[in-house]
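Here is the structure we will look at, set down as structure tokens.
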Amino acid sequence: MLDMRILVVEDDDRVARGLVTALRTASFDVQRVATAERALSAPPADVVLLDLGLPDADGIDLLRKLRDRPQTAIIAVTARSEERDRVRGLRAGADDYVVKPFGVAELLARIDAVLRRTRAARAEAAEEEPALRIGGLTVDPGSRSASVGDTELQLTRKEFDLLALLASRSPAVVARDQILDQVWGTAWEASSRTLDTHIGSLRAKLGHAVQIRTVRGVGYLLDRS
Ligand code: CA
């Protein structure tokens, strides 16, 4: 499992030491950080073990930011008294959660389960959806990657989902409501502004390879330039 990277975000040194030791013993590649700031600058991991009670940021805000990265599963860690956080954590997109104090066996079982789910989802995506090519753009749902020519685009999870949706319908227009529903989900209180922001950043990253056209009062469509 040395190819599986786990990021432990935990401010309590004693708890963190125990976790890191247990996970290394189970042959994971482990990195530990103690603050939200360090968590955001850490290299991408397959699983993030995220303590929701951090000193420098709201754990749920951090969860949302980490969640925006593709291919990372998040297990939220909460104290027993924080039932409310648990629910908020799952709503914000955690794949699972554990409650302190938890045993190593339980934690390893949960990590195993989320990794299995992530792998199954990737395999399924790869099988069902072939890569799409529009102009100079290639979107591969299987590997969740997109490239222009030979250059891979650095996209956030939501940017990728948005681009993949537009590409799958290209050159048809996709309604704003449908985009919000499919990319952000009904539980997510995404505003129209969130969508506009993501369209703006996608356009900047796509350059002249393809164009995202605004269809006023309806939505967006992706087409070759
Ligand atoms: Ca804490």
Semi-axes in Å, largest first, for region 85-164 (Cα gyration tensor, √(5λ)) are 33, 15, 10
Relative contact order of the chain (C-alpha contacts under 8 Å, at least 6 apart) in percent is 13 percent
If you filter region 158-225 for trypsin sites (Lys or Arg not before Pro), then keep DSSP loop positions with at most 10 other Cβ within 10 Å, what is left?
R216
Out of the trypsin sites (Lys or Arg not before Pro) in region 52-139, which ones are loop residues according to DSSP with at most 12 other C-beta atoms within 10 Å?
R80
Distance in nm between S27 and E106 label points, each 7 Å along Cα→Cβ, equals 2.6 nm
Determine the calculated [θ] at 222 nm for the chain from helices alone, applying -39500 (n - 2.57) to every DSSP H run no shorter than 4 residues and normalising by the residue count; nearest 500 deg cm²/dmol.
-13000 deg cm²/dmol
Sum of side-chain charges, R67 neighbourhood, beta-carbon under 10 Å (Lys, Arg +1; Asp, Glu -1):
+3
Students sometimes get this wrong: rank S170, S192 by accessible area, probe 1.4 Å, all chains present, largest first.
S192, S170
May I ask for log10 I(q)/I(0) of region 5-124 at q = 0.18 Å⁻¹, from a Debye sum over the Cα atoms as equal point scatterers with solvent left out?
-0.89
Protein-only accessible surface order, largest first, of T78, T197 at 1.4 Å
T197, T78
Treating only the Cβ of Lys, Arg, Asp and Glu as charged (+1, +1, -1, -1), what charge dipole size does the chain show about its Cα centre? Round to the nearest 20 debye.
360 debye
Find out how many positive minus negative residues lie around T118, taking Lys and Arg as positive, Asp and Glu as negative, among other residues whose Cβ is under 12 Å from that of T118.
0
Net charge within 9 Å of V8 by Cβ-Cβ distance, Lys/Arg positive one each and Asp/Glu negative one each, not counting V8 itself?
-1
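What do you get for Rg/Rh of the chain when both radii come from the Cα atoms and Rh is the Kirkwood radius?
Ratio value, two decimals: 1.01.
The values are calculated or read from the model by the stated rules, or taken from the named source; none is laboratory data. Keep in mind the model is a prediction, meaning the values are calculated, not measured. In this analysis, Cβ positions are derived from the backbone assuming ideal geometry, glycine residues included, and neighbour counts consider all displayed protein chains. Only protein heavy atoms, including side chains, enter the accessible area calculation; ligands, DNA and RNA are left aside. Shrake-Rupley method; radii C 1.70, N 1.55, O 1.52, S 1.80 Å.
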